[in-house]
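Single-structure report; data block below.
The values are calculated or read from the model by the stated rules, or taken from the named source; none is laboratory data. Please read all numbers here as calculations on a predicted model, not as lab measurements. Cβ sites come from the backbone with ideal geometry, for glycine too, and all protein chains shown count toward neighbours. Heads up: the accessible areas ignore ligands, DNA and RNA and are worked out on the full protein's heavy atoms, side chains in. Shrake-Rupley method; radii C 1.70, N 1.55, O 1.52, S 1.80 Å.
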Amino acid sequence: MIETQELVAGYGPVNVLQKVSIKVQPKEIVAVIGPNGAGKSTLLKTLVGLIEPRLGTIRYDGKPITGITPEKALLLGLALVPEGRGILSGLTVYENLLIGAYVEKNKKIISERISDVYARFPVLAERSNQIAVTLSGGEQQQLAIARALMSAPKMLMLDEPSLGLAPNLVQKVMDLLCDLRADGITVLLVEQNITQALAISDRVYVMSTGKILFEGPSAKFIGKNEELEQAYLGGVS
Amino acid sequence: MSIEIIIQQAINALSLGSLYALLALGLAMVYSVLGLMNFAYGELVAMVGYTIYFSINAGVPYGLAAILGIMVSIIVALLTELIAFRPLRKASYAAVLFATFAMSVFLQNLIRQAVSPRPRGINVPELIDSVIKIGSFRISTLSVVTLVISLVSMGLLVGFLQKTKSGLAIRAAAANFEIARLLGVPANRVISLAFMVSGLLAGIGGVLWVSRIGGITPAMGFKPVLSSFIAIIIGGLGNLKGAVVGGFVFGLLEVLLQVVLPPSTRPFIDAFVLLIVVVILAIKPEGLVGKKAESKL
């Protein structure tokens, strides 16, 4: 589905990503875990074209897409639910969804997608005309995911969707990701909540200081949170 | 003070306020999307003035000259974006700020060299430059025209922002530029669009401004850009509603002080207005309708 080779990217003089190579197969749930500042968010932003890579390549279905714009990434089917949800202030719930389908020109398709996400997230339908930033944290997270679904993605990337949510809401988000995978959407999940990330993912990459430390099937690491955290710390020092 | 004079001055204040609001909206439009002040904004008003001046001299009727002026304003606004903003998109805040100053100085000197450093008069048509008399009321036609055109323009702008896809894209980019890009709003297109709308508002405001002062000078853009800037600050940075409120408050203050202060102090009106602005900001540092700065992604 998507594959990076020795990706280097960053801001200003700093290379946040230092030769990151990952691979995600269709309909997989892949988790990327690691401490703050490991470069997980930078990796996702680079994949969707918000940050231009300095070196390395990104391939999507085998074709190079290195350096594409976010709009082209959306048209290819890559959508990102950003860290902190990125709900647009001043816009209603409906308008947030509408802008999620910005790259789609066909109005009929857009209204079909709106009905689809309202069916999946009934609370958003109820709050359609409410200013979106007045929603609760859990509702905002649903809106952020719903908005990403408005572009009909083939691959959904999420940057710490559990951040700031109560445990029962975190569980809801994770269940939702499993549902989406069942609907044929590939999921790339960046998380600090190791337990949750391991529980729902097929494979996991462990990242620290801009490098992939190791990878493997998630099942192999379940119950080994402490060892994983030790590994981060080793990477940090 | 008679009731007639109070009503007349109230209309004058509303009229000047609406003009400031319109001009401030144009400046705030670019600020809200890019987070940068375009200090070459005043030169758009100057461009309108000089276009009207040359058009009238060439025998073009005032209305058409005004439309030409608005078109030139839009074109210069788009060129400002292309020359001063786009190549510096990834540069520091200071670099872009200086680039807009440079653009402003360049345009002023272009006028000085190509036309003349001296002021020139513009004959505003009598239709606008007359006084409406209703009983004992005397209201300048220009005040009414300014008020109506400004309010209609702002109404149309609200409609554009609320009801069109491009308007939604501008609002999204104003709320959070990176998120808007992430959702597929092309950066270059939405920025050009913001400059276009900014040029249009400066154009319409510029026509009203030029009609009001009835003349042109190379540095004529200073007062409009400064007033717009102050209006935005009073209302609250990065907030279009704030620009409108700030514009009206600023216009109201100017007219009020003109009426209230003794004639000998009139040369210092700007100082008094700014003093009140300082007091407003001391009480509400985030502006009258401003919110505490929200963190962007």
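Connecting C-alpha atoms closer than 10 Å in a GNM of chain A, tell me which of A:162, A:21, A:115 has the biggest fluctuation.
Comparing A:162, A:21, A:115 in the GNM, the peak value goes to A:115.
What longest range of chain B stays clear of loop-exposed GluC sites (Glu not before Pro) (DSSP non-H/G/I/E/B, at most 16 other C-beta within 10 angstrom)?
The answer is B:127-285.
Once you place label points 7 Å from the Cα toward the Cβ at residue B:82 and residue A:15, how far apart are they in nm?
3.8
To test your reading of the geometry: what angle, between 0 and 90 degrees and rounded to tens, separates the Cα axis of helix B:62-80 from the longest principal axis of chain B?
Tilt relative to chain B: about 30 degrees.
Using a 1.4 Å probe on protein heavy atoms, which residues of the range A:98-140 have at least 40 Å² less accessible area in the complex than alone?
The answer is A:99, A:102 - residues whose exposure falls by at least 40 Å² when every protein chain is included.
As a test question: what accessible area, to the nearest 10 Å², does residue A:75 have when a 1.4 Å probe is rolled over all protein chains in place?
For residue A:75, solvent-accessible area is about 120 Å².
Which net charge results when you count Lys and Arg as +1 and Asp and Glu as -1 among the other residues whose beta-carbon is under 12 Å from that of residue A:192?
Around residue A:192, the surrounding residues sum to -4.
Sorted by mean Cβ packing within 10 Å, highest first, what order do the peptides B:226-237, A:51-62, B:133-144 take?
Listed from highest to lowest mean packing, they are B:226-237, A:51-62, B:133-144.
Using a Förster radius of 22 Å, what is the FRET efficiency between residue A:226 and residue A:36 based on their Cβ-Cβ separation? Nearest 0.05, please.
0.75
Got a sec? Which residues in the range A:174-201 would a label at residue A:112 touch, if it sits 7 Å along Cα→Cβ and we count backbone N under 18 Å?
Within reach of a label on residue A:112: A:183-185.
Of B:144, B:260, B:185, which is farthest on the positive side of the dipole of chain B, counting Cα position, with +1 on Lys and Arg Cβ, -1 on Asp and Glu Cβ, and the Cα centre as origin?
B:185
Using the Cβ atoms and a cut-off under 11 Å, what net charge is assigned to the surroundings of residue A:81, where Lys and Arg are +1 and Asp and Glu are -1?
Net local charge, residue A:81 excluded: -1.
Under a point-charge model restricted to the Cβ atoms of Lys and Arg (+1) and Asp and Glu (-1), what is the dipole moment magnitude of chain B relative to its Cα centre, in debye to the nearest 20?
580
Angle check, please: helix B:165-175 long axis (alpha carbons) against the longest principal axis of chain B (alpha carbons), in degrees 0 to 90, nearest 10.
Approximately 80 degrees, to the nearest ten.
Return one number: the angle in degrees, 0 to 90 and rounded to the nearest 10, between the long axis of the Cα atoms of helix B:269-283 and the longest principal axis of the Cα atoms of chain B.
With both axes taken from Cα atoms, the answer is about 50 degrees.
Report, in listed order, any pair from B:133/B:163; B:223/B:284; A:45/B:223; A:172/B:284; B:133/B:284; A:27/B:163 with a Cα-Cα distance greater than 31 Å.
B:133/B:163; A:45/B:223; A:172/B:284; B:133/B:284; A:27/B:163
What FRET efficiency, computed as 1/(1 + (r/R0)^6) with R0 = 35 Å and r the Cβ-Cβ distance, is obtained for residue B:286 and residue A:125, rounded to the nearest 0.05?
0.50
Applying the Karplus parametrisation 6.51 cos²θ - 1.76 cosθ + 1.60 with θ = phi - 60° to the phi angles of the range A:92-101, what ³J(HN,Hα) value in whole Hz is obtained for each residue in order, glycine and proline being reported as x?
6, 4, 4, 5, 4, 5, 4, 5, x, 9
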